[in-house]
Amino acid sequence: MYNSVESFMDMVKTKNPGEVEFHQAVFEVVESIWDFLQDNPHYMQAKVLERMVEPERVIMFRVPWRNDRGEIEINKGYRVEFNSAIGPYKGGLRFHPSVNLGILKFLGFEQVLKNSLTTLPMGGGKGGSNFDPKGKSDNEVMSFTQSFMTELQRHIGPNTDVPAGDIGVGGREIGFMFGQYKRLRNEFTGTLTGKGLNWGGSLIRPEATGYGNVYFANEMLKTRGDSFKGKTVAISGSGNVAQYSIEKVLDLGGKPVTLSDSSGYIYDPAGIDRDKLAFVMELKNVKRGRIKEYADKYGCEYHAGKRPWGVKCNVALPSATQNEINGEEADILIKNGCICVSEGANMPSTLEAINVYLKHKILYAPGKASNAGGVAVSGLEMSQNSLRLSWTSEEVDERLHNIMKDIHATCVKYGTEGKFINYVKGANIGGFIKVADSMLDQGVV
Ligand code: NDP
């Protein structure tokens, strides 16, 4: 038995050397639920937390494919099947050169608690490859994804493991993978989510993470009698999550002023309106260009190699990648008037940044609560596939909205500390209990 957070973390670090993002994600959870575990010692006696930080299964494989010049390239493929206590493994695939086992384990661990919070019956998993889709032709992306799925298909299925998209995996990649899965398995099932509308996809799935994050932030603002109306909003990233966050911020009367990609950020103090958003969608989803082109077109500021957290804003929605806000940047955000940080990305704030938010008692939602809308609608896509029917966009949007309200209520239930709501603690305890109790019910698993 471990008698402190530090001794527990020593064990995690010894067993998982060098996996710094995984250590970070586990520490954030363990630190915030430690007191709860002391008050409920049966979890520690049954070693539930120790079991939860060990994935049920890790699959690693070779992905050989041929580029347009006829040369053979070799990438790494992974699927981390983390926890199936409450349902089939569920979580996205990430294609990015930075992908390694530690990053996928951090994402898979977060996913277990996130999926539990959605109220839907989904376990947690994550996968992907160090393949870089940037600069590749459609043909190269297809060659790679077909090879990737040729191995992955033997490990997944509608009742086993249902992958979805993440960084570098959007509608195009899911389409190629679904096509290959179907050829190899000779079955049409809902094994992947984020599918095209004509072949089993759900309405509102592309919008779900961004919309869900803004719904969640709005619930947080409501606890202080506030709303998005008139708020200046800083957003990072310019992919799926960032784009639909902008759309929903505009719906609710806010003014988005920044976007970024891995090369830099744009600052448009006049506001990114619907016409400018349409330009970004065409630029990023069709032309696959760089965000600098926005500044060239609209004559606003572009800052190469920088992140947008120095601009004046009331709300920040980090929606690019992990560890994109450090402690110093969190301080600057707050000095500049930011009262709410709601994470669209997974673990975009470092532990130091989280401590700054908590010290200043601003509204802060960790991604596992605020970005759970994407996987929630993926869960709804799985239900529609099983029932072989499709719900309308109004129906799906309403369910999404209600799920985000339920997640917020869970955070309030477990995270209230006097007048302050500690969403980190609320989300971690709320997500943990359901998984932990299910594991206890199922024996030594
Ligand atoms: P996309 O691939 O659509 O977009 C990612 C965006 O983030 C791009 O603008 C990309 O810029 C930028 N980015 C990626 N890596 C880096 C980096 N290392 N440094 C700076 N910028 C970077 O991905 P999504 O929008 O789907 O995902 C964004 C975040 O949201 C991720 O953390 C993901 O895990 C999380 N998330 C996504 C969900 C979904 O449903 N899609 C669900 C829940 C969470 P560039 O093009 O230059 O690489």
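The values are calculated or read from the model by the stated rules, or taken from the named source; none is laboratory data. Computed from a prediction, not measured in an experiment: that's the story for all the values here. With ideal geometry, Cβ positions are generated from the backbone for all residues, glycine too; neighbour counts draw on all protein chains shown. For accessibility, only protein heavy atoms count, side chains too; no ligands or nucleic acids. Shrake-Rupley method; radii C 1.70, N 1.55, O 1.52, S 1.80 Å.
Quick notes
- Residue among F109, F131 that alone is assigned to a helix (DSSP H, G or I) and more than 11 Å from the ligand (Cβ to nearest atom): F109
- Selected residue [modelled with pLDDT of 95 or more and closer than 22 Å to A427 by Cα] from E219, E247: E219
- Check on G87, under 20 Å from S147 (Cβ atoms) and either open to solvent by less than 20 Å² (accessible area, probe 1.4 Å) or among the aromatic types (F, W, Y) (or both): no
- Considering only residues in the stretch 347-371 that are assigned to a loop (DSSP other than H, G, I, E, B) and either buried (at least 24 other Cβ atoms within 10 Å of the Cβ) or charged (D, E, K, R) (or both), the one that is farthest from the ligand (Cβ to nearest atom) turns out to be K361.
- Residues satisfying the stated conditions in the stretch 115-130, i.e. farther than 18 Å from A320 by Cα and open to solvent by less than 10 Å² (accessible area, probe 1.4 Å): N115, S116, L117, T118, M122, G123, G124, G125
- Against the test of being within 25 Å of V20 (Cα to Cα) and either open to solvent by less than 10 Å² (accessible area, probe 1.4 Å) or of a type outside the set (D, E, K, R) (or both), the options G344, G379, G374, G337 yield a single qualifying residue, G344.
- Residue in the stretch 403-426 that is most open to solvent (accessible area, probe 1.4 Å), counting only those that are basic (K, R) and closer than 26 Å to L380 by Cβ: K413
Here's the yes/no breakdown for (1) away from the ligand (no atom under 14 Å from the Cβ); (2) open to solvent by less than 10 Å² (accessible area, probe 1.4 Å); (3) of a type in the set (A, V, I, L, M, F, W, C):
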site	(1), (2), (3)
I167	no, no, yes
F176	yes, no, yes
N186	yes, no, no
S202	no, yes, no
T223	yes, no, no
V249	yes, yes, yes
L259	no, yes, yes
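- Close pairs (8 angstrom Cβ cut-off, 6 or more residues apart or separate chains): more than 17 Å from G168 (Cβ to Cβ) in the stretch 280-302, within 11 Å of the ligand (Cβ to nearest atom) and in a strand (DSSP E or B) anywhere: V280/L259; K292/G264; Y294/L259; Y302/G264; Y302/Y265
- Top-ranked residue in the stretch 141-165 [being within 16 Å of the ligand (Cβ to nearest atom) and under 20 Å from V58 (Cβ atoms); ranked as surrounded by the fewest Cβ atoms within 10 Å (Cβ to Cβ)]: A164
- Pair list, Cβ < 8 Å and 6+ apart or interchain, from the stretch 153-168 residues that are assigned to a helix (DSSP H, G or I) to residues that are buried (at least 22 other Cβ atoms within 10 Å of the Cβ): Q153/Y181; H155/R79; H155/E81; H155/D161
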